[in-house]
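Report on the structure given below.
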Amino acid sequence: MEKPLAYRMRPRNIQEVVGQNHLVGPGKIIWRMVEAKLLSSMILYGPPGTGKTSIASAIAGSTQYAFRTLNAATDSKKDLQIVAEEAKLSGRVILLLDEIHRLDKTKQDFLLPHLESGRIVLIGATTENPYLSINPAIRSRTQIFEVYPLTPEEMMTGLQNALTDSERGLGSLPLVVDPAALQHFAAASNGDLRSALNALELAAKSTPKAKDDKIHVTLQIAEESLQKKAFSHDKDGDAHYDVVSALQKSIRGSDVDAALHYLARLLVAGDLPSIFRRLMVIAYEDIGLANPGACERTVLACDCAQRLGLPEARIPLSDAVIDLCLSPKSNSGVLAIDAAMTDVKDGKGGTVPLHLKDAHYQGAKALGRGLTYQYPHDFPDYWVDQQYLPDSLVGTHYYQAKTSGKYEQALKKRYDDLQQRKK
């Protein structure tokens, strides 16, 4: 049975790797390792189809070392032992260990001495952030490199290579691929070359020859052959936190289009709970007192979206995101409470003044509790000058007003007025 096109087109050496020039380009770290034949174990992490296995295969091909592939989740310790025996006989084996974040302690303990000796050069592949998901004992013995989704230009290079390669690719077929179809394969695969290559092969081998005895792959055929990848989004994974972070930073930066893009990612993933939580956090952290009305509208939009469910939920959530993006911003509230909490954690609490202590129990007066407290409602403007902070913190100011919105401008005016009226 013939292997898939993406498998057949795996690079045989570093020069054939498509993309990831920050790692395998001339003068870059993996290129230098291969040139000097000073390989060290590494972890490659990034989305599916971005070249992790290809880089491992290319390293093995460039160095002529034996190359073995195992999966940390499904292969056993016995499989690792077989690789270790081969390494003992041949001197060195490059082991691609897929899903390395699933490596259990038994397999890890077996691997460690072989990594220390250098007989096994481990190339771990994972879609998870290794700093969050991989055991420190393995992490400390490897170098960690991130691989990125391929650009449309890099995708085009990989597709053209497959179209012109008669030995491993599709070069021996009488193929005529419309430029628009090729562009669709390159652009609609989200930087996943494996997905694009396999879709191209499906199109080529499922399309009958035309009267001119050629196989014509049109845009329509490309659209039908490219099995759209389900949006990759794991609510517990690293990518989830990246998208949520990008959403908040885009709103904070008042970039409506970017914010709507990241909202769309979360909506396509169906992750409404994360959207609700994050938008309410953003409203009160980043807009806050500059526009309390926008905060209220955000809570209302989230409540409305929860009642509606998808797909209609997208409508109030989109309105909320646009509203928050274009609103004046103020983080004075979060800065104020964080400053106050820092003082408390640093032991600067101090004793509550006697006149503020609870006096609603028998014997409180004998203890001097609440005796000199003055009730603000009994005074003009509902304000009286008296001490509220503990003695050790008198004169401390946590709230630093921002003036980006009319509401907080009014708050600042009132705050400054009250400060001036104090003794």
Peptide ranges 199-206, 390-397, 84-91 listed from the most packed, as the mean C-beta count within 10 angstrom indicates: 199-206, 84-91, 390-397
Classify the range 108-261 as rounded, prolate or oblate from the Cα gyration tensor: take a ≥ b ≥ c as the square roots of its eigenvalues, call it rounded if a/c is under 1.5, otherwise prolate when a/b beats b/c and oblate if not. oblate
Put in order of increasing Cβ neighbours within 10 Å, starting from the fewest, 110, 185, 276 give 110, 276, 185
For the range 373-389 and the range 138-203, what is the separation of their C-alpha centers, rounded to whole Å? 73 Å
Rel. contact order, % - alpha carbon contacts under 8 angstrom, at least six apart, the chain: 11 percent
With N residues in the range 297-423, what two-decimal value do you get for its Cα radius of gyration over 2.2 N^0.38 Å? 1.54
If you take the alpha carbon radius of gyration of the range 352-421 and divide it by 2.2 N^0.38 Å, what ratio comes out, to two decimals? 1.43
Given H placed 1.01 Å from N in the peptide plane, which residues other than close sequence neighbours of residue 66 have an amide H under 5 Å from its amide H? 94
Per its Cα gyration tensor (rounded if a/c is under 1.5, else prolate when a/b beats b/c, else oblate), the range 144-224 is best filed as prolate
Please work out the ratio of the alpha-carbon Rg of the range 5-108 to 2.2 N^0.38 Å and round it to two decimals. 1.09
In nm, what is the difference between 0.36 nm times the number of residues separating residue 216 and residue 371 and their Cα-Cα distance? 46.5 nm
Scalar couplings 3J(HN,Hα) for the range 299-313 by Karplus 6.51 cos²θ - 1.76 cosθ + 1.60 (θ = phi - 60°), nearest whole Hz, x for Gly and Pro, are 4, 5, 5, 5, 5, 5, 5, 5, 6, 6, x, 7, x, 5, 4
In what order do 100, 275, 14 fall by count of nearby beta-carbon atoms within 10 Å, going from fewest to most? 14, 275, 100
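Classify the range 49-158: rounded, prolate or oblate, from the alpha-carbon gyration tensor (a ≥ b ≥ c, eigenvalue square roots; a/c under 1.5 rounded; otherwise prolate if a/b is larger than b/c)?
oblate
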Using Cα pairs under 8 angstrom and six or more residues apart, how large is the relative contact order of the range 5-146, in percent? 30 percent
Hey, with R₀ at 51 Å, roughly what FRET efficiency would residue 32 and residue 409 work out to, going by the Cβ-Cβ distance, to 0.05? 0.30
Take each of the peptides 377-386, 169-178, 326-335, average the number of other beta-carbon atoms within 10 Å over its residues, and list them starting from the highest. 326-335, 169-178, 377-386
Based on the mean of other beta carbon atoms within 10 Å per residue, what is the order of 218-226, 33-41, 286-294, most packed first? 286-294, 218-226, 33-41
Residues other than residue 247 with Cβ under 12 Å of its Cβ, Lys/Arg counted +1 and Asp/Glu -1, net out at +1
Above-threshold pairs, the threshold being 22 Å between Cα atoms, out of 345/413; 28/52; 28/107; 329/406: 345/413; 28/107
(1) 93, 58, 33; (2) 97, 58, 39; (3) 133, 54, 37, with the label sought being that of the calculated Cα extents along the principal axes in Å: (2)
Shape descriptors of the range 115-175 over alpha-carbon atoms, Rg and Dmax in angstrom, are 18.3, 53
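We did not get these values from a lab; they are worked out from the coordinates using the rules stated. Everything quoted here is computed from the prediction, not taken from an experiment. Glycine also receives a Cβ, built like all others from the backbone with ideal geometry; neighbour counts cover every protein chain displayed.
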